[in-house]
Amino acid sequence: MFPKITIIAVLAGCTARAIAWGAAGHEIVATIAQIHLHPSVFPTMCAILNFTSPNPSEPPCHLAPIAAWADTQRPKMPWSAQLHYIGAVDDYPSQTCAFPGPRGWEGAKGANVLGGVRNVTDILLDWVVANKAGTVSEYTAANEALKFLVHFLGDMHMPLHLTGRDRGGNSIPVLFSGRKTNLHSLWDGLLIAKALRSVPPQYSRPLPYPQIERSLRGAIYDSYVRMIMWEGVLGEWEQDIPDWLTCPAPASASSATDDALICPHHWATPIHALNCELVFPPALDQPPYNDTRPPPALEQFAQASFSVAADPFLELDTPEYSGVITEGWVIEKLLAQAGLRLAGVLNYLFAEFEDEEARRDLRVGF
């Protein structure tokens, strides 16, 4: 069996794109990761984040407050914009769905979200090695790398951040419950907002798992996290989670970003496929909806709302579209995969183990 990222669940003890998932989505990913962190991760992680908690009954620091930091820094760090997405250029028409195709990806090689995940992980790994050797004394580089890692893992699990088609859906106006928006913004936040309104009332009460409850912060999405954990991570997906964290052997790694422990391209490939299978409905390629995209010269000005009232827009809050996403728990699974993979990377980087075999072992349990 190939090595797998350690995710010991110690619950018993350069064109700017729309923000992936929105702040709530990124914080949900970070909270799911928080639940699965090894206790030995916290001293190092919290020192990097320069955070201490006055309440010993709570985790000493939390990932959620820094989950959207990378988006807030884009104006100050314009070079980072291209690291939030990857523009596949040969994945349309949907029958091809190449990732990448013959022309690869738009932009400079490695300057994308997959390269971003790889780069900041390597920065943190080098910092850990140097810190253990006593050769570093400052945390600035590690602090930024950790914040970027938390964010990029979330971005990578938003399907429209993996395609260059129609600017990742930004150029496709649609309706959702009669509200004019665009395809990217729909996946960015509106689908999560609808899911939050649909959580069964029993999840407003604490679960009988203190390990989960300690990671919740009284946020609007707490009940949603409880539902994902109870029905998904502890329920329907429990047997699938080892596969979520497995990477190919180095000889079969399909990208320079991947190795046997951390493999963003391998993880992203089935997420990208959702663009061809589900995210872009076939009706968008047929009249009259294929005529609603702004002219190429105006794409840079495309916003979430489009002002030409006479143009028809496809309604996507329907049983055939949003209903399939809801029934299939598509959004919830993507958020859970992002959170568990983030926890796996952080545990690999920061957890203390007696030997390398234990470090590479995969144990998910309560």
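Tabulated results
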quantity: Selection within segment 48-59 - modelled with pLDDT of 70 or more and crowded, with 17+ Cβ neighbours inside 10 Å; calculated: I48, L49
quantity: Given (1) outside any loop (DSSP other than H, G, I, E, B); (2) over 21 Å from V29 (Cβ atoms), number of the condition A111 does not satisfy; calculated: (1)
quantity: Residues satisfying the stated conditions in segment 164-179, i.e. part of a loop (DSSP other than H, G, I, E, B) and not hydroxyl-bearing (S, T, Y); calculated: G164, G168, G169, N170, I172, G178
quantity: Checking R167 against (1) crowded, with 24+ Cβ neighbours inside 10 Å; (2) touching a Lys or Arg at 6+ places or on another chain (Cβ under 8 Å), the condition it does not meet; calculated: (1)
quantity: Index of the failed condition, Y224 passing every other in (1) of a type outside the set (D, E); (2) surrounded by 12 or more Cβ atoms within 10 Å (Cβ to Cβ); (3) within 30 Å of A108 (Cβ to Cβ); calculated: (3)
quantity: Search result, residues across segment 105-145 that are surrounded by fewer than 14 Cβ atoms within 10 Å (Cβ to Cβ) and among the small types (G, A, S); calculated: A108, A130, A133, G134, S137
quantity: Qualifying position, being part of a loop (DSSP other than H, G, I, E, B), of a type outside the set (F, W, Y) and at pLDDT 95 or above, among P294, P319; calculated: P319
quantity: Positions within segment 216-266 being farther than 20 Å from G154 by Cα and either part of a loop (DSSP other than H, G, I, E, B) or at pLDDT below 90 (or both), in sequence order; calculated: G218, E238, Q239, P248, A249, P250, A251, S252, A253, S254, A256, A260
quantity: Test: Q300 is modelled with pLDDT under 95, in a helix (DSSP H, G or I) and either exposed (fewer than 14 other Cβ atoms within 10 Å of the Cβ) or touching a Phe, Trp or Tyr at 6+ places or on another chain (Cβ under 9 Å) (or both); calculated: yes
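The values are calculated or read from the model by the stated rules, or taken from the named source; none is laboratory data. Predicted model, so just to flag it, every value in this text is computed and none were measured. No Cβ is skipped: glycine too gets one built from the backbone with ideal geometry, and neighbour counts run over all protein chains shown.
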